[in-house]
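One structure is given below, encoded as structure tokens.
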Amino acid sequence: MTHVIDGNDVASRIENDLEDCLETLESAGVTPGLATVLMSDDAASETYVSMKQEACDEIGIGGFHRELDPNAPAEKLRETVEDLNDDPRVHGILVQMPTPNHVDSRRVLRNIDPRKDIDGFHPENVGRLVAGNPRYKPCTPHGIQKLLESADVDSAGKDVVIVGRSDIVGKPMANLLIQNAPGGNATVTVCHSRTEDLAEKTRGADIVIAAAGVAELVDGSMIREGATVIDVGVNRLEAETERGYDLVGDVEFESAKEKAAVITPVPGGVGPMTIAMLLYNTIDAASVQED
Ligand code: GUN
């Protein structure tokens, strides 16, 4: 029987533990604060940001939301970030990616106070991650480590194939998995759009992590019997449903489930973990800044 990991369940267990940390901070007079900045009218980004804010409200983290016109000058975003850097109630700052084309996102990330960069995207924090001394682990890859742990899948010594080389998932995931640390010690291959024979790579993997943003790119024929399959994709496919679309992952779930020993669904797999680890990093940021 294939084990389908329940990401909602793993996330709510983590959030329960975080509630204890929050109580300790509250009794010291500290309320962690997270600022989200949205400069986009993309429907998916709007949804993600509002889910992050709701999660903060539910657990008792202070939410500070800034919404900018996507046509506003880049300078406006820089000023917003600087305001938040200077606000002592704000311990974490998240600028939802992607930003509009006229905004240099690297510059935006450089402007965030690295101590408040709970995404772990500031170059100082990327450097620390690569050096094996992360300040904050990027939320989605960290959440995936927790999902693997919850299913007793030890990455040590395993062949892991990551499909996708994004700064948000693929690259930090590879870095975490090669570290000589719990949740690491794997042999990692990072595949991308120029990989010549993707199926040959994924078929050789003990663990496949699909994060390419291509609907149902990985199917059962590309999975080794008994492998672990983690699906990071959230793709909206037009459909005649009430909301007008269906959500599908980067993995063709039904055929992959026939082969895999462990698999994550979409939705209800990786998604809830990204939010749980964002809360985790924000509480961590508050603990360090208020120490
Ligand atoms: N866009 C998609 N995922 C993320 C994320 O984890 N953080 C930010 N800031 N933007 C994103």
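Every number here is computed from the coordinates shown, using simple stated rules; none is lab data. Keep in mind that what you see is a predicted model, and the values were worked out from it rather than measured. So basically every Cβ, Gly included, is an ideal-geometry build from the backbone, and we count neighbours across all protein chains shown.
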Residues in the stretch 210-219: is at least one farther than 20 Å from T140 by Cβ, away from the ligand (no atom under 16 Å from the Cβ) and not hydrophobic (A, V, I, L, M, F, W, C)?
-> yes
Mind checking whether some residue in the stretch 140-163 is assigned to a loop (DSSP other than H, G, I, E, B) and within 16 Å of the ligand (Cβ to nearest atom)?
-> no
Give the residues of the stretch 56-86 that are touching a strand residue (DSSP E or B) at 6+ places or on another chain (Cβ under 9 Å) and hydrophobic (A, V, I, L, M, F, W, C), sorted by residue number.
-> C56, I61, F64, L68, L77, V81, L84
Do we have any residue at all in the stretch 166-180 that's among the β-branched types (V, I, T) and crowded, with 23+ Cβ neighbours inside 10 Å?
-> yes
Since D206 meets every condition but one in (1) crowded, with 17+ Cβ neighbours inside 10 Å; (2) under 14 Å from P265 (Cα atoms), which condition does it not meet?
-> (2)
Which one of these does A11 not meet: (1) within 16 Å of the ligand (Cβ to nearest atom); (2) touching a Pro at 6+ places or on another chain (Cβ under 7 Å); (3) over 22 Å from V169 (Cβ atoms)?
-> (3)
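Among R66, R78, R115, which is touching a helix residue (DSSP H, G or I) at 6+ places or on another chain (Cβ under 8 Å), over 16 Å from I168 (Cα atoms) and in contact (Cβ under 8 Å) with a residue 60 or more places away in the chain? Spell out how you get there, then give the answer.
Working: R66 fails: in contact (Cβ under 8 Å) with a residue 60 or more places away in the chain; R78 fails: in contact (Cβ under 8 Å) with a residue 60 or more places away in the chain.
Of R66, R78, R115, the one residue that is touching a helix residue (DSSP H, G or I) at 6+ places or on another chain (Cβ under 8 Å), over 16 Å from I168 (Cα atoms) and in contact (Cβ under 8 Å) with a residue 60 or more places away in the chain is R115.
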